[in-house]
Amino acid sequence: MEDKMSFFDICGGRLALQRRYYSPSCREFCVSSPRLSLRLLTVVTCTVWLAAYGLFTLCENSMILSAAIFVTLLGLLGYLHFVKIDQETLLIIDSLGIQMTSSYASGKESTTFIEMGKVKDVIINEAIYMQKVIYYLCILLKDPGEPDGISQVVPVFQSAKPRLDCLIEVYRSCQEILAYQKATSTSP
């Protein structure tokens with residue numbers, strides 16, 4: 001089963017949450033942000049090139065124009081490959097673990113996997129960010145030395161920064177799977 005819902009991020013931008021239910025013990029959540037704005041890209045490029053042209057008219061050195069074009073192209077490629085994340089995915093399988101994938105605008109993907117044996121809980125935490133309280137989903141990892149302790153907090157959907165209503169949808173499903181996993185592991 002698959003459904004798609006629309007939400008907002010903490011800055012008011014649109015996000016799409018796509019939920020896929022593979023089984024009672026396996027679900028996937030994809031949070032997609034809007035693609036790169038062509039208007040913003042054009043404004044930044046024109047600003048850099050106009051500033052370079054202004055310097056060129058003052059110094060009459062053609063290297064300034066060449067450097068501006070080169071820096072703009074390198075900056076754009078760097079932004080698309082290392083910064084702009086189009087989609088973040090959370091795949092949770094009760095007997096296996098949790099996989100988080102970030103898909104960049106350039107097509108590059110970054111994946112992190114956490115074994116279910118290391119997961120203590122999935123929670124919604126709050127933080128103060130730019131003079132406002134924001135909420136974020138995070139995975140608590142068990143401390144191997146102390147059974148009741150927490151060794152690490154792993155935030156989820158770091159780039160998209162969805163609002164609380166979107167996080168609650170993902171949180172409830174994660175808790176259902178964790179409860180299902182506990183119930184099946186304790187039954188004989």
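The values are calculated or read from the model by the stated rules, or taken from the named source; none is laboratory data. Remember, predicted model here, so these are calculated numbers, not experimental data. With ideal geometry, Cβ positions are generated from the backbone for all residues, glycine too; neighbour counts draw on all protein chains shown.
Kindly establish whether Ser106 is small (Gly, Ala, Ser), surrounded by 12 or more Cβ atoms within 10 Å (Cβ to Cβ) and in contact with a helix residue (DSSP H, G or I) (Cβ under 7 Å, 6 or more places away or on another chain). Taking the combined requirement at face value, the residue satisfies it. If you go through region 50-77 and keep only what is in contact with a helix residue (DSSP H, G or I) (Cβ under 6 Å, 6 or more places away or on another chain) and farther than 19 Å from Leu36 by Cα, you end up with Ala52, Leu55, Phe56, Ile64, Leu65, Ala68. In this structure, does Gly145 turn out to be free of Cβ contacts under 8 Å to residues at least 12 places away in the same chain and either in contact with a Ser or Thr (Cβ under 9 Å, 6 or more places away or on another chain) or within 23 Å of Cys30 (Cβ to Cβ) (or both)? Spelling it out, Gly145 is indeed free of Cβ contacts under 8 Å to residues at least 12 places away in the same chain and either in contact with a Ser or Thr (Cβ under 9 Å, 6 or more places away or on another chain) or within 23 Å of Cys30 (Cβ to Cβ) (or both). Which of the residues that make up region 148-158 are in contact with an Asp or Glu (Cβ under 6 Å, 6 or more places away or on another chain) and in contact (Cβ under 8 Å) with a residue 40 or more places away in the chain? Hit for region 148-158 is Phe157, nothing else. Those strands (runs of 3 or more DSSP E) of region 82-157 in which at least 2 residues are basic (Lys, Arg) and over 12 Å from the mean Cα position of the chain (by Cα), considering only elements entirely within it, cover 132-142.
A Cβ distance below 7 Å, combined with a sequence gap of six or more or placement on separate chains, defines the contacts here; from region 74-91, residues that are farther than 20 Å from Lys161 by Cβ reach residues that are loosely packed, with under 13 Cβ neighbours inside 10 Å in the pairs His81/Lys108. Within region 27-39, the set of residues being within 17 Å of the chain's Cα centre (by Cα) and modelled with pLDDT under 80 comprises Arg35, Leu36.
Taking each residue of region 174-186 that is in the same structural domain as Gly117 (by TED's automatic domain parsing) and looking for partners that are modelled with pLDDT of 90 or more and assigned to a helix (DSSP H, G or I) with beta-carbon atoms closer than 9 Å, six or more apart or interchain, yields Leu178/Met116; Gln181/Met116. Residues that are touching an Asp or Glu at 6+ places or on another chain (Cβ under 9 Å), of a type outside the set (A, V, I, L, M), under 22 Å from Gln18 (Cα atoms) and free of Cβ contacts under 8 Å to residues at least 40 places away in the same chain are absent from region 108-118. Thr42 meets each of the listed conditions (1) at pLDDT 90 or above; (2) over 17 Å from Ser159 (Cα atoms) apart from (1). Step by step: first the residues of region 160-188, then only those that are in a loop (DSSP other than H, G, I, E, B) and at pLDDT 90 or above, then the one that is surrounded by the fewest Cβ atoms within 10 Å (Cβ to Cβ). Which residue is that? Looking at residues that are in a loop (DSSP other than H, G, I, E, B) and at pLDDT 90 or above, I get Arg163.
Scan region 1-52 for residues that are hydroxyl-bearing (Ser, Thr, Tyr) and surrounded by 14 or more Cβ atoms within 10 Å (Cβ to Cβ) and jot them down. Ser25, Ser32, Ser33, Thr45 - these are the residues of region 1-52 that are hydroxyl-bearing (Ser, Thr, Tyr) and surrounded by 14 or more Cβ atoms within 10 Å (Cβ to Cβ).
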